[in-house]
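This report refers to the structure that appears directly beneath it.
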Amino acid sequence: MKQTGIKRLEKIAKKIRLDTLKMLYEAETGHLGGAMSSLELLTALYFYPILKFNPKKPDWENRDYFLLSHGHVCPSFYAVLAHAGFFPLSKLKNNLFKLDTGLEGHPIKGSLSGIEISSGSLGMGLSVGLGIALGLRMKKRDNKVVVMMSDGEQQEGSTWEAVMAVNHYQVANLIAIIDRNGIQIAGNTEKNIKLEPLDKKYQSFGWEVIKIDGHDFNQIISAFEKAMQNKKPTVIIAKTIPAKGVYSLEGREDTHHPLLTEEIYKKTLNSYS
């Protein structure tokens, strides 16, 4: 990808990171770790762009479907949708987690344009994506279905049932992304239930695996473009940093749902000025 394109994506990601930070600070709560670790992946999907979509016609039949399975990281997803034109940027201000705003703690289908699935029960996104992908295939449509999951969801049996079924039905129009930030609510994923070698597990189920740095736009775009062309189920395992870009919290295992103090908030803002 041309360097000018990378610079543009980096600028957009910076704006989205700052908006996400402000939203979480105003709300005085939220899952900061995953919202920040998945941010570059979401930015590339909507602003390279990888996905086909029309914010003025969110139900456009030729759109690609994006499902956020780990819905608790939704603040950055809401910011991405706003910047992509699905709803006004002004809606982000002082509305996060408030009732009847559409910016609930997990995305709710029908509450805002661009949301394809109500999420909250972790481990269900891949199964829903499989159903959508099979339905599209029955209609002889080539729309893609992209499902983003947390690494903690890889400890769920429902995820592996879907992994097995996707391969059985050879659903090539479905792409999975794993935000491999290494944390969950109880801390380090490997200390809770060991996931590695995650790539070999997916390969043993017949998936093609692409491993990337989830903050490097060159790697992200290359992986997405390859996955879009693959004729077999593909999973992108993106190694990411929890609370990426947040002063004193970046990379820590206790940032799944941390306290965003005024000091951390202001010092992070200053670092971006």
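Laboratory data are not the source of any read-out in this text; all were calculated from the coordinates shown. Not measured: the values here are computed from a predicted model. Here Cβ is always computed from backbone atoms with ideal geometry, including for glycine, and neighbour counts include all displayed protein chains.
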What percent antiparallel are the DSSP beta bridges of the chain, to the nearest 5? 10
Rounded if a/c is under 1.5, else prolate if a/b is larger than b/c, else oblate: which is segment 149-273, with a ≥ b ≥ c the root eigenvalues of its Cα gyration tensor? oblate
Run the dipole for segment 1-148 about the Cα centre, Lys and Arg Cβ at +1, Asp and Glu Cβ at -1, nothing else charged, and hand back the magnitude in debye, nearest 20. 640
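How would segment 72-111 be classified by its alpha-carbon gyration tensor: rounded, prolate or oblate, with rounded meaning a/c under 1.5 and the a/b versus b/c comparison settling the rest? Provide the component values of the computation, followed by the final result.
Details: a/c = 1.45, a/b = 1.26, b/c = 1.14.
Since a/c stays below 1.5, the shape of segment 72-111 is classed as rounded.
Determine the alpha carbon to alpha carbon distance for each of Lys22/Lys52; Lys15/Lys231; Lys140/Lys231; Lys57/Lys109; Lys22/Lys211 and list only those over 25 Å. Mind dumping the intermediate values first?
Working: Lys22/Lys52 29 Å; Lys15/Lys231 35 Å; Lys140/Lys231 15 Å; Lys57/Lys109 15 Å; Lys22/Lys211 31 Å.
The pairs that break the limit, which is 25 Å between Cα atoms, are Lys22/Lys52; Lys15/Lys231; Lys22/Lys211.
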Any idea what the relative contact order of the chain is, in percent, if you count C-alpha pairs under 8 Å spaced at least 6 apart? 22
What's the center-to-center distance, using Cα atoms, between segment 147-207 and segment 1-35 in Å? 25
Can you find, among Leu198, Phe86, Pro242, the residue farthest towards the positive end of the dipole of the chain? Put +1 on the C-beta of Lys and Arg, -1 on that of Asp and Glu. Phe86
Once you've got the GNM for the chain with C-alpha springs shorter than 10 Å, pick whichever of Ser76, Ser127, Ser248 has the biggest mean-square fluctuation. Ser248
Determine the gain in length on full extension of the stretch Arg252-Lys232; use 0.36 nm per residue of separation and subtract their C-alpha separation, reporting nm with one decimal. 3.7 nm
Any idea what angle helix 74-83 forms with the longest principal axis of the chain, computed on alpha-carbon atoms, 0 to 90 degrees, nearest 10? 90
